[in-house]
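A.B. asks: Could you have a look at this structure, given as structure tokens, before my questions?
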Amino acid sequence: MKKILLVLCALLSIQAYAQGPVSTRIRSGLDVGFAFKKDNYAPSLTYFQLMNIGRNRVISVGWTSRLAKFYGDNLNLYSAPASLTRGKTGFEALGAPLTPATIDTARFDFITNTSLNFGIRVQVQLGPVELGGSADLFGLTIGKTRVGRMIASTGAYKVESSRAGVDSLVYFTGDNRLQSFKPTRGSVRLLGDNDIGNLAAELYARVRVGQRLSIKGGYQWQTAEMSLRDIRPIDGNRRFRHRTGMPFVAVTFPFFN
């Protein structure tokens, strides 16, 4: 009897909470999504929590937690640091032109990674339609070691090794050198080519089709980044990135709405 009473009290508490002031301020849910294009696709699970701004609940701002898997076939990844791609860093790199002479290439037959990222989301309610955008801010990525074919803009690399505590340098020239890479572990959004790691951003529209179900569609910009394991080019860079845009669809299961 006591157990039944405890269960009933719990259910009443949940019901009261769902109908209380919190439900008018907070909306949350889970997006089960899939982004895709030729040679790239990325399934994802995204939990979001938004706070309504104002009594009319038209504008909402909040955070996201996104677990995603990226798959890519036949990809070219290019030198990632802004100092190499733009010749500048920070805000100066945002409007600077590309510098091809300092951009190397890593060619992969196949790469994968799994990321857990946290970000921000802004949403506007227009009747039955919700329009919004999200962007990952920081996170962590894991993935298998992959082999890439290095193509240097200068045609030369160096390998560093240590024997008996003494570093030695071995130089070689040419391209199509096979080397080992792993996904860049840490991710942080610093704007433009200053970004580090594996990140995504999206714009979307969502339509409610039931009390507990919505359909979402939009466009995602994905960045996949790999880091050299054993060698580094003469410029000292280990990070190479691939950027792509993909349409995506998702099913949303709201918790509070």
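The values are calculated or read from the model by the stated rules, or taken from the named source; none is laboratory data. Values in this document were obtained by computation on a predicted structure and should not be read as measured data. Please note that ligands, DNA and RNA were not included when accessible areas were found on the heavy atoms of the full protein model with its side chains. Shrake-Rupley method; radii C 1.70, N 1.55, O 1.52, S 1.80 Å.
A.B. asks: Please state the relative contact order of region 177-253 as a whole percent: Cα pairs under 8 Å, 6+ residues apart?
C.D. replies: Relative CO of region 177-253 lands at 31 percent.
A.B. asks: What length, rounded to one decimal in nm, is gained on full extension from Ile215 through to Leu67, with 0.36 nm per residue of separation minus their alpha-carbon distance?
C.D. replies: Between Ile215 and Leu67, full extension yields an extra 51.4 nm.
A.B. asks: Between Thr112 and Lys144, what length comes free when the chain is fully extended (0.36 nm per residue of separation minus the Cα-Cα distance, one decimal in nm)?
C.D. replies: Net length gain for the segment: 10.8 nm.
A.B. asks: Same structure again: Can you give the accessible area per residue of region 32-165, in Å², using a 1.4 Å probe?
C.D. replies: Solvent-accessible surface per residue comes out at 52 Å².
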